Ligand SMILES: Nc1ncnc2c1ncn2[C@@H]1O[C@H](COP(=O)(O)OP(=O)(O)OP(=O)(O)O)[C@@H](O)[C@H]1O
Ligand SMILES: [Mg+2]
């Protein structure tokens with residue numbers, strides 16, 4: 001049996017936290033994503049997987065308000081996000097660690113973390129989160145006053161995730177957080193994602209490393225050429241040889 | 001592996017050799033200029049100091065204008081060709097507000113207060129104009145090819161000049177100044193009152209600007225936006241507002257420069273922005289465009305160079321002023337293309 005079309009909504013009770021409805025995303029006149037719908041519920045780890053160019057990063061960019069959907073809508077906690085600007089979406093509680101890290105290279109690690117908390121005023125909360133991310137990534141504590149652009153790729157990746165966490169988001173979007181990391185660190189990142197979820201943050205993670213993502217995720221969406229191919233609980237998907245072979249390059 | 005090692009060993013000494021030659025020429029030039037300065041100083045110390053002070057005064061005005069170029073370039077990589085004309089409008093606004101409206105320039109003590117009020121008004125007017133041009137024109141072109149906003153800036157430059165023509169007429173106008181002629185006499189040297197006022201106004205403005213950029217939330221947002229706009233958005237930064245704020249800061253500095261220029265030279269011209277703008281832009285490039293300290297350093301340096309060249313006994317004289325400035329710019333660009341304090345572009349990701 002496959003994990004497809006088995007009325008997935010029934011397995012996930014309650015109102016979704018993030019709801020993407022039938023969105024179409026374009027770059028100029030080229031469609032990158034068409035008719036995509038997906039849900040993320042509070043407390044879940046949801047993964048969005050698919051091959052290169054499938055439209056995963058584009059989808060996350062749309063959720064964060066960096067590109068506007070040409071059709072469809074996105075809402076968060078019942079509030080419509082479509083039409084809002086990027087900074088308003090952060091304010092609503094969604095932070096992203098983007099593809100390619102996009103840390104601020106001429107600023108120190110410390111300044112990058114401060115910028116992650118740009119919209120917050122709660123001094124104690126910020127200090128607590130800073131301590132928390134430095135505990136999650138002790139490597140960053142060692143390099144706290146180094147210019148971020150001079151760090152190794154893996155260190156920059158950790159910084160990107162840590163910086164997103166500094167916004168204390170309700171929903172954390174991670175675009176390929178294991179990119180460029182050594183195998184040991186890949187395991188560490190996936191463990192960390194679970195820890196982040198256990199500490200109360202809902203996570204939507206895009207990954208090339210599909211099997212690893214499915215292992216920690218509760219629910220998965222598979223994109224192919226900008227359209228939804230499959231969705232369902234993650235664990236059965238990882239065990240389904242046919243799916244693994246067809247979509248996950250297993 | 002072996003091959004690359006050999007190649008590296010081959011190419012490195014060659015590169016180092018060229019660097020040494022370049023550095024040698026650079027140092028030789030600097031030594032030459034220093035000797036020339038000392039020579040002039042010995043020939044006439046009083047004249048030297050007077051000329052240096054005049055150069056410093058001019059340099060401070062250049063620095064204020066140069067900051068506007070470098071702020072805007074730093075954040076959206078636009079060379080704002082209209083900026084010199086904004087400075088010109090600053091001087092024209094000053095003549096209107098201070099002389100026509102407030103009736104200052106009669107030599108009364110109240111003039112000083114009126115000048116301070118005018119400074120605030122003119123800075124606000126120029127900030128407002130700069131924000132408006134960003135809002136109406138450049139913002140829409142932010143995702144367009146680089147040439148589009150550049151040509152638009154040229155267009156805005158013409159609009160500003162036309163505006164200046166409307167307010168000031170086509171000929172140069174002279175205005176009464178609040179700052180009296182003469183100055184503080186210190187033995188053989190006289191420091192002009194205008195020099196003192198220019199410094200007294202410029203230094204606090206620079207300190208405030210530096211505080212805003214380095215220490216405030218808005219400044220942090222500016223620096224983040226300058227490095228990566230989308231990443232800044234993901235931090236919750238309102239990028240549009242941050243860019244507008246940057247234009248406001250640059251505009252305010254141009255307004256202050258306009259007032260100081262009028263109070264120093266006492267004239268307005270609708271096309272004064274072209275030449276001064278060009279020199280201030282040169283100052284920004286000389287210091288390293290995008291770098292705030294660089295703009296100030298470049299401005300002061302060019303002011304001093306012009307002062308020395310125009311006023312010293314062994315200088316080339318005023319008609320060679322521009323030639324000397326641009327020769328120095330070209331020499332610097334050959335040896336250090338990123339400017340005195342600029343970072344090599346490699347660091348820009
Ligand atoms: N800025 C852009 N301009 C034009 N087309 C783009 C742009 N960014 C992405 N695309 C196109 O949109 C499609 C989806 O890209 P996207 O980056 O979302 O893929 P992805 O699933 O994240 O792939 P990857 O796993 O390689 O990161 C691709 O065909 C890509 O070429
Ligand atoms: Mg991607």
- Query: Could we say that residue B:250 is crowded, with 22+ Cβ neighbours inside 10 Å, in contact (Cβ under 8 Å) with a residue 12 or more places away in the chain and under 12 Å from the mean Cα position of the chain (by Cα) here?
  - Reply: yes
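Among the residues of the range A:85-106 satisfying the criterion of being part of a loop (DSSP other than H, G, I, E, B) and at the interface with another protein chain (Cβ under 7 Å from one of its Cβ atoms), which is farthest from residue A:147 (Cα to Cα)?
First, pick out the residues of the range A:85-106 that are part of a loop (DSSP other than H, G, I, E, B): A:85, A:93, A:98-106.
Now drop any that are not at the interface with another protein chain (Cβ under 7 Å from one of its Cβ atoms), which leaves A:98, A:102, A:104-106.
Values: A:98: 19, A:102: 14, A:104: 9, A:105: 6, A:106: 6 Å.
The qualifying residue farthest from residue A:147 (Cα to Cα) is A:98.
Going by the conditions given, is residue A:128 away from ligand 2 (no atom under 16 Å from the Cβ), part of a helix (DSSP H, G or I) and surrounded by fewer than 18 Cβ atoms within 10 Å (Cβ to Cβ)? Before the answer, list the steps.
Working: away from ligand 2 (no atom under 16 Å from the Cβ): yes; part of a helix (DSSP H, G or I): yes; surrounded by fewer than 18 Cβ atoms within 10 Å (Cβ to Cβ): yes.
Criteria met by residue A:128.
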- Query: Quick one: in the range B:84-133, which of the residues that are assigned to a helix (DSSP H, G or I) and without any contact (Cβ under 8 Å) to a residue 24 or more places away in the chain is farthest from residue B:276 (Cα to Cα)?
  - Reply: B:110
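Output the residues belonging to the range B:329-345 that are in a helix (DSSP H, G or I), without any contact (Cβ under 8 Å) to a residue 12 or more places away in the chain and away from chain A (no Cβ under 14 Å). Working first, answer last.
Our first condition is that a residue be in a helix (DSSP H, G or I); within the range B:329-345, this holds for B:329-335, B:345.
After this cut, where a residue has to be without any contact (Cβ under 8 Å) to a residue 12 or more places away in the chain as well, the list is B:330, B:334, B:345.
Listed by number, the residues that qualify are B:330, B:334.
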- Task: Please report, ordered by residue number, the helices (runs of 4 or more DSSP H) entirely within the range B:173-236 with at least 1 residues that are in contact with a helix residue (DSSP H, G or I) (Cβ under 6 Å, 6 or more places away or on another chain), more than 14 Å from every other protein chain (Cβ to nearest Cβ) and under 23 Å from residue B:67 (Cβ atoms).
- Result: B:193-215
- Inside the range A:47-84, can you point out the residues that are under 23 Å from residue A:14 (Cα atoms), part of a strand (DSSP E or B) and more than 16 Å from ligand 2 (Cβ to nearest atom)? A:72, A:73, A:74, A:75, A:76, A:79, A:80
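Just to be sure I understand, how many residues within the range A:165-174 are within 16 Å of ligand 2 (Cβ to nearest atom) and closer than 15 Å to residue A:89 by Cβ? Spell out the reasoning first.
Restricting attention to the range A:165-174, the residues satisfying the condition of being within 16 Å of ligand 2 (Cβ to nearest atom) are A:173-174.
Applying the additional criterion that residues be closer than 15 Å to residue A:89 by Cβ yields A:173.
Of the residues in that region, 1 qualify.
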- Task: For residues that are under 17 Å from the mean Cα position of the chain (by Cα) and more than 18 Å from residue A:173 (Cα to Cα), tally how many sit in the range A:75-111.
- Result: 0
- Would you check which residues across the range A:134-148 are part of a helix (DSSP H, G or I), at pLDDT 95 or above and surrounded by 17 or more Cβ atoms within 10 Å (Cβ to Cβ) and list them? A:134, A:140, A:148
- Message: Looking at A:97, A:75, can you tell me which residue is surrounded by fewer than 22 Cβ atoms within 10 Å (Cβ to Cβ), in contact with a strand residue (DSSP E or B) (Cβ under 9 Å, 6 or more places away or on another chain) and in contact (Cβ under 8 Å) with a residue 40 or more places away in the chain?
- Response: A:75
- Criterion: out of contact with any strand residue (DSSP E or B) (no Cβ under 6 Å at 6 or more places or on another chain) and not in a helix (DSSP H, G or I) - qualifying residue of B:326, B:316: B:316
- Item | Residues (over 17 Å from residue A:229 (Cβ atoms) and more than 9 Å from ligand 1 (Cβ to nearest atom)) located in the range A:43-64 | A:43, A:44, A:45, A:62, A:63, A:64
- Query: Can you find a residue in the range A:233-243 that is touching a helix residue (DSSP H, G or I) at 6+ places or on another chain (Cβ under 9 Å), within 16 Å of ligand 2 (Cβ to nearest atom) and farther than 28 Å from residue A:87 by Cα?
  - Reply: no
- Query: Got at least one residue in the range A:113-133 being more than 12 Å from chain B (Cβ to nearest Cβ), more than 15 Å from residue B:224 (Cα to Cα) and under 17 Å from the mean Cα position of the chain (by Cα)?
  - Reply: yes
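Which ranges mark the helices (runs of 4 or more DSSP H) fully within the range A:168-250 that have 3 or more residues being within 15 Å of ligand 1 (Cβ to nearest atom)? Reasoning before the result, please.
On the way: elements: A:183-198, A:210-216, A:234-239, A:241-247.
Ranges flagged: A:210-216.
The values are calculated or read from the model by the stated rules, or taken from the named source; none is laboratory data. From a predicted model like this one, the values you see are computed outputs, not experimental measurements. Positions of Cβ are generated from backbone atoms using ideal geometry, with glycine treated the same way; all protein chains shown enter the neighbour counts.
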